[in-house]
1. Exposure proxy check: Arg27, Arg131 ranked by fewest other beta carbons within 10 Å?
2. Rank the residues Asp41, Asp111 as a footprinting-exposure proxy: fewest other Cβ atoms within 10 Å of their Cβ go first.
3. Asp79 versus Leu146, label points 7 Å from Cα toward the beta carbon: distance in nm?
4. Around Gln46, under 13 Å between beta carbons, what's the net of Lys plus Arg minus Asp minus Glu among the other residues?
5. Under the definition of Cα pairs under 8 Å and six or more residues apart, what whole-number percent is the relative contact order of region 27-102?
6. Need the full-extension length gain, His93 to Leu69, defined as separation in residues times 0.36 nm minus the C-alpha distance. One decimal, nm.
Amino acid sequence: MGNKDTFDLNEEYVIYKRCKVFPKAGRVFSEFGNELGVGSDTVRYQDENRRKHNGQKLRFVYEAVHGELGLDTIIRPKDNNPLNASIDNVEIHKRKEWFEKIDWSMKAVCDEATIKSIKDDYEAGVSPDGRRYTYRFLAKKYHVSLSTIQKILGGYYFNDKENNT
């Protein structure tokens, strides 16, 4: 998270899986002194048997302080910045509760009227409020998946009577 020049190596740290973890700064160093996961949200480390493992950096820092979490647990950054692995930036959710919050109602199949509206909006280029119609914007507006928008505008959507022969 911080700059290497301003980082205090005398800060409190924890030894976890043969790594030195600085929870407040969200930084991890190998036993050889190399910083792991620089500019990334993942950490690559070696276990006692010298086998290599990859893991989420935020989860690694959290587990170093509080112990290992079960597979039914999801760990997320509070500020939605996956590069900020500080222990103060941790949000923990049970997997079942997390997936219940997600809106799974995006359509994979569109009727002909929706297909025509999507194409018309995209050709218009700009919405009435001045926003550009990107694929993502159209997917949100019509509540369909991004790949469905790509298929419709690419001309190879299976339900599109206009382009199918």
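Please treat every number below as a calculation from the coordinates, not as lab data. Remember, predicted model here, so these are calculated numbers, not experimental data. All Cβ positions, glycine included, derive from the backbone under ideal geometry; neighbour counts span all protein chains shown.
1. Ranked by crowding around the Cβ, least crowded first: Arg131, Arg27.
2. Values: Asp41 15, Asp111 10.
Lowest to highest Cβ neighbour count: Asp111, Asp41.
3. Taking the simple label geometry, Asp79 and Leu146 are separated by 2.4 nm.
4. Result for the neighbourhood of Gln46: +3.
5. Result for region 27-102 is 24 percent.
6. Once the chain is fully extended between His93 and Leu69, it gains 7.6 nm.
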